[in-house]
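A.B. asks: Below is the structure I would like to discuss, written out as structure tokens.
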Amino acid sequence: MKESIERSIFWVGFVAEENLYNALEQIKEFAKEDNNAPIKLFITSSGGALEPAIALYDFIVMTGIELHTIVIGEADSAAIVLLAAGKKRSMGPNSRMGLHKGKVLEGGEAFETENAERERYLQILSKASSTSFEEWKEFLKEEKEVDPQEAFRLGIITEA
């Protein structure tokens, strides 16, 4: 599958408010040009903060903007919520996703996230995929590394 890079945004690095602001500004500019043409979001990220990822997800869902998301390299943790925002979702053939229960970093130490935050994460995954909330909960009892074929089976990507 060849992807055009017209009307593309590249999310490279940590999921954080600064990257969110830049992505929203670019999406807004593309939407002004042509609100009906798809915008592509290429993602390579080792994860980060869940809140900015949910903010982008909610913005896309609420505005109905045609967003196609493509993982190039890796998408871990919160970056998978960015992927879930796309109406069409795909991964490069050598890409992977890293999924886990949910962790936050404090002073270099990882702690499990609060249950409410984990529930929000699992709700988004289940809405965006063909896998139920309970199946995701069971699947993520331990950390997983997922290739494009497994991601397609789970329904988190729509194109293999």
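The values are calculated or read from the model by the stated rules, or taken from the named source; none is laboratory data. Being a predicted model, the structure only gives us computed values, none of them experimental. Neighbour counts are summed over all protein chains in view; Cβ atoms, including those assigned to glycine, are modelled from backbone coordinates with ideal geometry.
A.B. asks: Can you tell me which residues in the stretch 93-136 are at pLDDT 85 or above, surrounded by fewer than 16 Cβ atoms within 10 Å (Cβ to Cβ) and not acidic (Asp, Glu)?
C.D. replies: Answer for the stretch 93-136, where residues must be at pLDDT 85 or above, surrounded by fewer than 16 Cβ atoms within 10 Å (Cβ to Cβ) and not acidic (Asp, Glu): Pro93, Asn94, Gln123, Lys127, Ser130, Ser132, Phe133.
A.B. asks: Quick one: what pairs do we get from the stretch 136-153, first residue among the polar types (S, T, N, Q), second not in a helix (DSSP H, G or I), C-beta under 7 Å, 6+ apart or different chains?
C.D. replies: Gln149/Ala160
A.B. asks: Here are some residues: Ala31, Ala37. Which one is assigned to a loop (DSSP other than H, G, I, E, B), small (Gly, Ala, Ser) and modelled with pLDDT under 95? I'd like the intermediate steps shown before the answer.
C.D. replies: Values: Ala31 fails: assigned to a loop (DSSP other than H, G, I, E, B).
Being assigned to a loop (DSSP other than H, G, I, E, B), small (Gly, Ala, Ser) and modelled with pLDDT under 95 holds for just one of Ala31, Ala37, which is Ala37.
A.B. asks: Looking at the stretch 22-32, is at least one residue under 15 Å from Lys87 (Cβ atoms) and in contact with a Leu (Cβ under 9 Å, 6 or more places away or on another chain)?
C.D. replies: Within the stretch 22-32 (the criterion being under 15 Å from Lys87 (Cβ atoms) and in contact with a Leu (Cβ under 9 Å, 6 or more places away or on another chain)), the answer is yes, since at least one residue qualifies.
A.B. asks: Now, a different point. Pick from the stretch 137-160 the residues that are on the phi < 0 side of the Ramachandran plot, outside any helix (DSSP H, G or I) and not charged (D, E, K, R): which of them is modelled with the lowest pLDDT? Write out each step before concluding.
C.D. replies: Of the stretch 137-160, the ones on the phi < 0 side of the Ramachandran plot are 137-154, 156-160.
Remaining after also requiring outside any helix (DSSP H, G or I): 140-147, 156-160.
From what is left, the residues that are not charged (D, E, K, R) are 140, 146, 156-158, 160.
On the way: Leu140: 88, Val146: 95, Ile156: 95, Ile157: 97, Thr158: 96, Ala160: 80.
So, considering only residues that are on the phi < 0 side of the Ramachandran plot, outside any helix (DSSP H, G or I) and not charged (D, E, K, R), the one modelled with the lowest pLDDT is Ala160.
A.B. asks: Please determine whether any residue of the stretch 78-91 is over 28 Å from Glu25 (Cα atoms) and either at pLDDT below 95 or surrounded by fewer than 20 Cβ atoms within 10 Å (Cβ to Cβ) (or both). Give the derivation first.
C.D. replies: The first filter runs over the stretch 78-91 and keeps only residues over 28 Å from Glu25 (Cα atoms), leaving none.
There is no residue in the stretch 78-91 that is over 28 Å from Glu25 (Cα atoms) and either at pLDDT below 95 or surrounded by fewer than 20 Cβ atoms within 10 Å (Cβ to Cβ) (or both).
A.B. asks: Scan the stretch 53-79 for residues that are in contact (Cβ under 8 Å) with a residue 24 or more places away in the chain, among the aliphatic types (A, V, I, L, M) and assigned to a helix (DSSP H, G or I) and jot them down.
C.D. replies: If we filter the stretch 53-79 for residues that are in contact (Cβ under 8 Å) with a residue 24 or more places away in the chain, which is where we start, we get 53-57, 59-61, 63, 65-79.
Imposing the further condition that a residue be among the aliphatic types (A, V, I, L, M) reduces the set to 53-56, 60-61, 65, 67, 70-72, 75, 78-79.
Once the filter is applied, which keeps residues that are in contact (Cβ under 8 Å) with a residue 24 or more places away in the chain, among the aliphatic types (A, V, I, L, M) and assigned to a helix (DSSP H, G or I), the stretch 53-79 yields Ala53, Ile54, Ala55, Leu56, Ile60, Val61, Ala79.
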